[in-house]
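Quick one: the structure is below, questions incoming.
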Amino acid sequence: MPELQLNGISKSYPTRSEPLEVLRGIDCSLDRGENLAVLGPSGCGKTTLLYILGTLDAPSSGRVSLGGVNPFELGERQLAHFRNHKIGFVFQDHHLLPQCSVLENVLVPTLADGAVAAEAVARARMLLERVGLSERLDHLPSELSGGERQRAAIARALVNRPLLLLADEPTGNLDRGTASNVARLLMELQAQEQTMLIVVTHSLELAGMLARRVELNDGRLCEAS
Amino acid sequence: MNLARLILRTAAFHWRTNVAVALAVAAATAVLTGALAVGDSMRGSLAHLVLDGLGRIDEVLVGDRFMCKELAEELAAQPDFARYFEQAEAVVFVRGTLENPRPTGALRAGDVSVFGCDASFWRLGYGTPPPQPEKNEIVLNDALAAAIDARAGDEVLLRIGSASQIPADSALGRKTETVRSRRLRVSHVIPDHGLGRLSLHPSQQVPRNAFVDRAMLADVIGQAEKVNAIFVAGNDEAALSTEAHAALAASFRPRLVDFGIRIEPHELGYVQCTSDRMLLEPVAVSAALRAFAADRPQAVFTYLANTIAAGDKQIPYSTITGIDFVSEPPLGPFKSPAGDPIAPLKEDEIALNSWAADDLGTKVGDSIEITYFEPESTHGRVREKTARFRLAAIVALEGLAADPDLTPQMPGVTDRLSIGDWDAPFPFEPGRVRKQDEEYWDDHRTTPKAFVSLATARRLWSSRFGDTTAVRFAPPPGPTLVAQADQLHLQPKDFGLVFTPIKRLGLAAASGTTPFDALFIGFSLFIEISAVMLVALLFRLGVEQRASEIGLLSAVGWDNRKLLVLLAAEGALVAALGAAIGVLIGVGYSWLLIVGLSTWWLSAIGTPFLELYVTPQTLVVGFASGVIISLVMIAWTLRRLARLPARRLLAGQTQTSSVRVTSVGRRGLLVSAALAVLAILLAAFAPALGGTAQAGAFVGSGALVLAAGLVALSSRLRSGTTKSWTGNESAPIARLATRNSARNPSRSTITVGLMAVASFLIIALSAFRLDPASESAGRESGSGGFALIAQSDQPIHQDLNSPTGRGDLGLSPAAEKILHSAEIIALRVQSGDDASCLNLYQPTQPRVLGVTPALVERGGFAWAATAAASDAERKNPWLLLDRKLAVDADGTPVIPAVLDFNTAEYSLHKGKVGERLTIKNEFAQDVRLEIVGLLKNSILQGDVLISEANFLAQFPRVSGYRMFLIDSEGADALRVREALEGPLSDFGFTAESTRDRLAALFAVQNTYLSTFQSLGGLGLLLGTFGLATAQLRSVLERRGELALLRATGFRRALVARLVMLETTLLLVAGLGIGVLAALVAVVPYWFLGGASVPWLSLAATLGLVLLVGWLAGFVAVRATLKSDLLVALREQ
C-alpha cells in the first residue's frame, strides 16, 4: 500500500445560497521518495487540498491515509503529534518567528514535544548547513534575505524527518534566480531525506522539476499535460 | 532554546503591545489595591483615633451613681488589678453646656463632655500635659474653644445638671432648678488630639471636651468628695484581654456607701437598711430580705401624704408608713394608747397615731381620706390622688410608732428645722402649715402620723424606682456591720457600675459600619470593568497581530494545550509585571481617594481624619487579584482563539467564521427580545420589593436591558445584515461605516459594552440622589411633618406643650405667643453610640429613644417596611411599639423596636422586619429588640426607638426628656426655634430644622453617589481609551483598504468622515444602550417619586463622553491620514 493514499476526497463550504464544492472526489497516491506538483488556476482549491493533506483542514468526505494512518480519526492532541512528526510545511510566506534566531526557528517544531534534544539541535545545524545558512544561525529573520528566509523555512520543515513535505508556492515570493536556487534545494533535500514532496504552485518551471504533475480543475485532479 | 526562553523572547519582541496590556493590568490592579488601601486607611485611621483619644485608658466605668473617690485607690491596691493595670483614676464626668458671654452676644456650645480631674488624670494621656486647672479654671479642647470663640484668659460659663440622688421623675424628685452654673477662666486650650479628643463613645467627629478641677465639679453638682467615673490604664497589651477585664471586675469591690446604701443600727435595737435615693432599689430589697431571712426582716414603705382628712378637719404634709405590724421587739410592738397590740391592717384600713387622731378628732371606725401625689410624674406634672380608709386603730405615739427613722432622709425637707423652711421639690403650700404642725415637727420630726399595710402602700405608691424605703431586721447580737454588709452580696452591675473595655471595643468598632474597601471596590467597579475589558481588548489585539505566528506553530504540530501554555505564560508574565506596577499606582490611587474624601467628598465621612495606611496583606491581595483577573480575561481570549483553524490563523484571520448566516441574527434577536421583556417585568416589580431585593431588582433589570442591547447588537453585526452601500440608498458613507463596524463583531461589541455599562450606572445612580426638600414635606415623610428636631444636654421634666410647663421653665409671654399653637413631642433618651451614617464606627450600644404615647397617637413618618397586621397598624405603624412579644428562646424578654432602615441595614446589619438585636439595659442585662418597623430616610436615623413604657422598664433611672420633635403648626419654624433656644439654653437645648438634619444625613448617601459617579466617569474615560485603541487598531489593519479608497479618488476629508462615523456609531450605540437600560430601571421609581433625574449633569456627563470619544476617533483619523498611501497599497 502506498505511503500516501487519498480516496474520494471532497470539500465543500456552506454559503448563503448553496454549498460551494471545492474538491470533488480526489483520488491520489504517493510513495516514499516520490514527488508531485499540483497546478491549477487561482481559487481552484490547490491550497485547500494541501491543507487537507497537512491535516490543517478536514475533508467533507473521503479518506486520507498517511503511513497507514487516517489522521482525521485521531484526537486533537494525537493529530498535532502526528502532524509534528509526519508532515513538514513550507509556505509561500515563510512564517518565521521574528523574535527567534534562524536556528531557533528551525527548532520550533521540536519544542512541541517539550525540551529540545541535543540530537535535534545537531540535525537543525546540519540542515542549516545543508541549506547554506551555517553562518547565519544566530541571525534574526529580519536580518535575512527573502531566499534565506525560505531556505530556513525548508530546514524547519525537515527538522523532524517528516514522511510528507508540503510546499505551498514555496518560490512565489522570490525573484527568479533565488526561486530557482530554493527549488533546487528543495528537490535535493527531498531526495536526500527520502520524503514524499507535494508542491502546490503556479510556476511551471518549478513544476517541471518534479517527477509528476497533476492539475486541479473544477475540483477534480487530472494528470497535467 | 527551551519553552521558557521562547516565552521570554516572544514577550520582549512584542513589547509594545505587552506594555499596553501591562498598563491595562496595572490600571485594574491599581483600582483594586487602591480600594483595599482605602479600607485599610479607614480602619487604621479609626483605630488611630481610638488609641490617640484614649491614651493609656483601657477601661472606664461611668455610672449615674456617685461613689467615694477613694474607691479608685482601693481598686488600684488590689493584687489582681496590678497584674494588668497600673492606674485607676477617679473622675467626675458630666455633660454640660459652655457659654462665652461676649458683649456682642453669647456663644453657646452644647453636648460638652466635662471631665472633673486631678493632676494625676493627665498621666492617662501621652505627651506634655497642660497645667492642672485650678478651682476657678477650665481647660478646653480646640473644637470646643472654636465653637464658642474662646481663648485662654476668657471667662466662660459652665452649665451642668445637678446630681440629685432622688430621681426627678419620682413625685418627690426635684424637677426645677436642676441646672448649676459656674463662671470659670479658660486656662489653656489643648489640641484636638491626645486627651483633647477623649471620647467615651467612638466617633470620628471631634468631641467637645472641657477639663476642670474634680473637687470643684463635685461640689458644684452637690456630690462633694464623690466621683461617678473611674478610668483605668493598663501597662501593656495584656490590659486589652478579656482576662484583664475579668480581673478588673473581680477587683472592683464597692462598699455599701458606694451603692448609696446604708445599714445602720438603731437605738431601738433593730438594724435598718436604707438608700440615699429614698427608695431602696428592688435588687437591694431582695438582697436584704434574702441575706437577713433569719433575722425577721421587715420591709417598710413610707410616703408623703399631702393631706390626712377626717370630715372637714385635715392635717397637711405628713408622712404615712406602710408596714406590717409585728409584736416582737425590737421591730414591735405597736400599741394602742390603752396598751393593746394593733392587729394587722386590712387593705382598706388605716391607723393614725394618737397625735393625728386627736388633731382630727376621730375615733376608730371613722372614714379617713388621704391625698397624695402620684408616685411617678410625667412631664414634670405631679398629680394628686385620694384614697379612703376606715380608721382601724389608733397607735400610741411611743416606742416604735414614735420612730422618725421610719421616714427616709430627703435633702431639703427632712433636714430642715421647720416645715416652713422646706425646700420642697414638689408643689408645696407653706400657708397650709399650722402651728401644731410645726410643733409636731419640732417634737417628732418625720415620725409618721399614719400607718397602712405594706401591701396597700405598695399598691398606691410603688413606682419604677422601687416600693420600699427600708428593710429592718433584728440581728442576733454579735456580727459587725461590715459582716452584715458582706451578707448582702450586692453586685456592682445591678447598680449600673460596670467597667467597659473601652479601648478593646473601640478598636473592634474601628472595623467600621461600612466596609470601605468593599464600598470603594464597588465605587471603582467601572474603572475595574473598563480596565479588565481593556486588558481583554489589548491582549486580543496583540494576539490577533500575531495570528500567523500562532498558525505556524499549530501547523508544525504544536497542540492547542501547548499553544495556550505559551500564550498564557506570556500573558502571565505581562500580567505580573502590570500588577506589580499596579500595586504601586494603587497606593497612589488610594492616596488620591483619601484626598477626595478629605475634601470633595468630605460629607461622606464628616471630618477629615483619614490618613493613608497600607497593610502588606492589601499589597499581596491587590497583586494577586490583578494577576488572576487578567489571567482569566487572557484565558477567555485564548479560548476563543484556540477554536480557530490553523489555516485561518496562518492567513492572519482571527474571526471564528466567515460565513454569516441570517439564522444566527434571528436567534440573537429572539434572545434579546426575551431579555428585554424580562427586564421590563423586573423593573415593574422592583418598587414593590423591599431593601436588598429591590436594589437587586433594580440592578438586575438594568443589566438585562444591557445584555439585551448587546446581544441584539452582536447578532446584528454577526449576521451580516447591515445594509449594503451599493445602489441608490441614502447616506452611502454612513452605510459603509456601519458595515466597517461589523468587520470585527467581538471587538465592536466589547467596545460598545464598555461604554454602555459605565453610562448605565452613571445615569441610573444619579437618579437616586435624595432631596431633603421633597423628603421632609408632609407628615408621611422622613421628617414626620415636624419642622424642628431638638436635643438638650440636661433632661427637661416640664411639659413644653402646656403653658404651665413653659411657665415653669421661664418662657416669656412673647415666646408663649409663638409657641401656643406648636406641638412638641418629647422623647426619652438613653445615651449610646450614634448609629447613624454620620458615625463610621461600628456601634455596640446604640442610643435608645423612648417614644411617648403622644407620638404613637399622632403617627406619621415614611416607612420602608413594617410588621403591621391590622388596618390600624397599617395606618399607624407606631402602634406596633405596644405589641406584646413572646420571650426569646433563652428566656430574654423581647421588646418591639422601630429603627431607620439605613441604621438597621448598614450600621447594625439587621435590615429586615422581624430581625432581632441585643442591647444592654441599665443593669447590664441583655435586652432583645425585635424590629417591627423600619423608617425610610428619616430624621430619627441612628437611634433605636422603643415605647416609653418599655424604655422606663429597662432604663428606670432615666428621668425627663432630652429629645424633642417640634411641629410648628404653620408658625415660622425659625421663630419657634428662637423662642425655645434662648430660655432653655441652661439645659443646652439646641434645635435644628428637620430639613437641615435630613440634608446632613442625605449628604452621606448623595456624596457616596457622587463618589461613585466620579469614579464611574473615570471608568468611562478608560473605556473611551479602549475605544480609541480599538479604532486605531482597526484603521491600521485596514490601512490598505483606506489607501485604496484614497487611490480611487476619495478625498482625505471623506476618509476622515468615514472613520469618524465609525467611532460615532460605536459611541452612540454604547451610550444609547446604557441610557435605555438606565431608563428602564429608573422609570418605575420616578413615577413613585423615589427618583429624580438630574438632566443637566446627565447631559454634561454624556456630552463629555461623546467629546472624549470623538477625540479618540480623531486620533485614529490622524493615524490614517498620516500613513504613506503607496506603502500601504504595496503591502496589499
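Can you tell me which lysines have their Cα less than 17 Å from the Cα of B:Lys875? Leave out same-chain residues fewer than eight positions away.
List returned: B:Lys936.
Rounded to the nearest 0.05, what FRET efficiency do B:Ser870 and B:Trp1095 give with R0 = 35 Å and r taken as the Cβ-Cβ distance? Could you check?
0.20
If you don't mind, there's one more thing I want to ask. Which residue, A:Ile52, A:Ile198, A:Ile154, has the most motion in a Gaussian network model of chain A that connects Cα atoms within less than 10 Å?
Judging by the Gaussian network model, the answer is A:Ile52.
Could I ask something else about it? Shape call for the range B:285-374 from the C-alpha gyration tensor, a ≥ b ≥ c root eigenvalues: rounded (a/c under 1.5), prolate (a/b greater than b/c) or oblate?
Because a/c hits 1.5 or more and a/b fails to exceed b/c, the range B:285-374 counts as oblate.
If the cut-off is a Cα-Cα distance under 14 Å, which aspartates and glutamates reach B:Lys335, setting aside same-chain residues fewer than 8 apart in sequence?
B:Asp324, B:Glu398, B:Asp403
Determine, from the Cβ-Cβ distance of B:Val257 and B:Ala684 and an R0 of 60 Å, the FRET efficiency 1/(1 + (r/R0)^6), rounded to the nearest 0.05.
Calculated transfer efficiency: 0.30.
Same structure, new question: Rounded to whole Å, give me the distance from the Cα center of the range B:232-266 to that of the range B:955-1023.
About 40 Å separates the Cα centre of the range B:232-266 from the one of the range B:955-1023.
Which FRET efficiency value, to the nearest 0.05, do you get for B:Glu86 and B:Leu592 by plugging their Cβ-Cβ distance into 1/(1 + (r/R0)^6) with R0 = 51 Å?
In this case the efficiency is close to 0.75.
Related question: Please list the three semi-axes, largest first and in whole Å, of the ellipsoid equivalent to the range B:310-448, using sqrt of 5 times the eigenvalues of its alpha carbon gyration tensor.
Equivalent ellipsoid of the range B:310-448: 25, 18, 16 Å, largest first.
With chain A treated as a Gaussian network of Cα nodes joined by springs under 10 Å, which of A:Gly177, A:Gly54, A:Gly146 yields the largest mean-square fluctuation?
Looking only at A:Gly177, A:Gly54, A:Gly146, the biggest GNM fluctuation is shown by A:Gly177.
Principal axes first, then extents: for the Cα atoms of the range A:67-146, list largest minus smallest coordinate on each axis, whole Å, largest first.
42, 29, 22
Okay, moving on. Given Cα pairs under 8 Å that are at least 6 residues apart, what percent is the relative contact order of chain B?
Computed over chain B, the figure is 15 percent.
Helix B:745-766 against the longest principal axis of chain B: what's the angle in degrees, Cα atoms only, rounded to the nearest 10?
30 degrees
Name the most mobile residue of A:Thr195, A:Thr15, A:Thr47, meaning the one with the largest mean-square fluctuation, in a Gaussian network model of chain A with Cα contacts below 10 Å.
A:Thr15
Rounded if a/c is under 1.5, else prolate if a/b is larger than b/c, else oblate: which is the range B:214-283, with a ≥ b ≥ c the root eigenvalues of its Cα gyration tensor?
oblate
Which values, in whole Å and largest first, are the semi-axes of the equivalent ellipsoid of the range A:163-208 obtained as the square root of 5 times each eigenvalue of the Cα gyration tensor?
18, 12, 8
Helix-only mean residue ellipticity at 222 nm, chain A, DSSP H runs n ≥ 4 weighted -39,500 (n - 2.57), per residue, nearest 500. What is it?
Taken over chain A, the calculation gives -10500 deg cm²/dmol.
Suppose each label sits 7 Å from its Cα in the direction of the beta carbon; what would the B:Lys817-B:Ser802 distance come out to in nanometres?
2.5 nm
Ok, one more. Work out, in µm²/s and without decimals, the Stokes-Einstein translational diffusion coefficient of chain B at 25 °C, 0.890 mPa s, Rh from Kirkwood over C-alpha pairs.
Translational diffusion coefficient: 70 µm²/s.
While we're looking at this one, here's another question. So for the pair B:Ala215, B:Arg102, with labels modelled 7 Å out along Cα→Cβ, what separation do we get in nm?
3.5 nm
Follow-up. Suppose each label sits 7 Å from its Cα in the direction of the beta carbon; what would the A:Val69-B:Glu1037 distance come out to in nanometres?
Output for this residue pair reads 3.6 nm.
For the range B:901-974, place one equal point scatterer on every Cα, skip the solvent, and apply the Debye formula. What is log10 of I(q)/I(0) at q = 0.14, 0.24 Å⁻¹?
The Cα Debye sum returns log10 ratios of -0.58, -1.20.
Still on this structure, I have one more. Using Cα-only point scatterers and the Debye equation, what is log10 of I(q)/I(0) for the protein assembly as shown at each q in 0.04, 0.05, 0.06, 0.09 Å⁻¹, rounded to two decimals?
Log-scaled intensity ratios, in q order: -0.42, -0.58, -0.73, -1.18.
When the chain is fully extended, how far beyond the present Cα-Cα distance does B:Ala4 get from B:Ala293, taking 0.36 nm per residue of separation?
Result: 95.1 nm gained on full extension.
Let me ask you something else. Grab the other residues whose beta carbon is less than 14 angstrom from that of A:Ala37, score K and R as +1, D and E as -1, and report the net.
Net of charged neighbours comes to -3.
Still on this structure, I have one more. Which ordering of B:Leu1079, A:Leu56 is given by a fewest-first count of other beta-carbon atoms within 10 Å?
Listed from fewest to most nearby Cβ atoms, that is B:Leu1079, A:Leu56.
Also: Quick one: which of B:Lys226/B:Lys493; B:Lys346/B:Lys435; B:Lys313/B:Lys363; B:Lys503/B:Lys920; A:Lys11/A:Lys46 span more than 21 angstrom between C-alpha atoms?
Correct reply: B:Lys346/B:Lys435.
When B:Met216, A:Met126 are ordered from fewest to most other Cβ atoms inside 10 Å of their Cβ, what list results?
The order, fewest Cβ neighbours first, is A:Met126, B:Met216.
Take peptide A:78-91, look around each residue's Cβ out to 10 angstrom, count Cβ atoms belonging to other protein chains, and average those counts.
Mean number of neighbouring Cβ atoms from other chains: 4.
Here's another thing I want to ask about it. Does the range B:169-251 come out rounded, prolate or oblate by the C-alpha gyration tensor, with a ≥ b ≥ c the root eigenvalues, rounded set by a/c under 1.5 and, if not, prolate when a/b is larger than b/c and oblate if not?
oblate
Working from Cα positions, state the angle (0 to 90°, nearest 10) between the long axis of helix B:15-54 and the longest principal axis of chain B.
10 degrees
Also, I was wondering about something else. When the helix-only estimate is applied to chain B (DSSP H runs of n ≥ 4, each -39,500 (n - 2.57), divided by the residue count), what is the mean residue ellipticity at 222 nm, nearest 500 deg cm²/dmol?
It lands at -14500 deg cm²/dmol.
Please list log₁₀ I(q)/I(0) at q = 0.12, 0.16, 0.17 Å⁻¹ for the range B:422-578, using the Debye equation with identical point scatterers on the alpha-carbon positions.
-0.96, -1.17, -1.22
Expressed in nm to one decimal, what extension gain is obtained for the pair B:Lys912 and B:Asp312 from 0.36 nm per residue of sequence separation less their Cα-Cα distance?
My answer for the length gained is 209.8 nm.
What is the angle, in °, between the Cα long axis of helix B:662-685 and the longest principal axis of the Cα atoms in chain B? Nearest 10 is fine, range 0 to 90.
Around 10 degrees separate the two axes.
Next question, about the same structure. Percent of alpha carbon pairs in the range B:848-918 separated by more than 19 Å?
The share of Cα pairs beyond 19 Å in the range B:848-918 comes to 37 percent.
Given DSSP loops and a limit of at most 10 other Cβ atoms within 10 Å, what is the longest stretch of chain B that contains no such GluC sites (Glu not before Pro)?
No qualifying site falls inside B:348-1132, the longest such stretch.
Since every read-out is calculated from the coordinates, none of them should be taken as a lab result. Note that this is a predicted model, so its numbers are computed, not measured. Every residue, glycine as well, gets a Cβ built from its backbone with ideal geometry; the counts of neighbours run over all protein chains shown.
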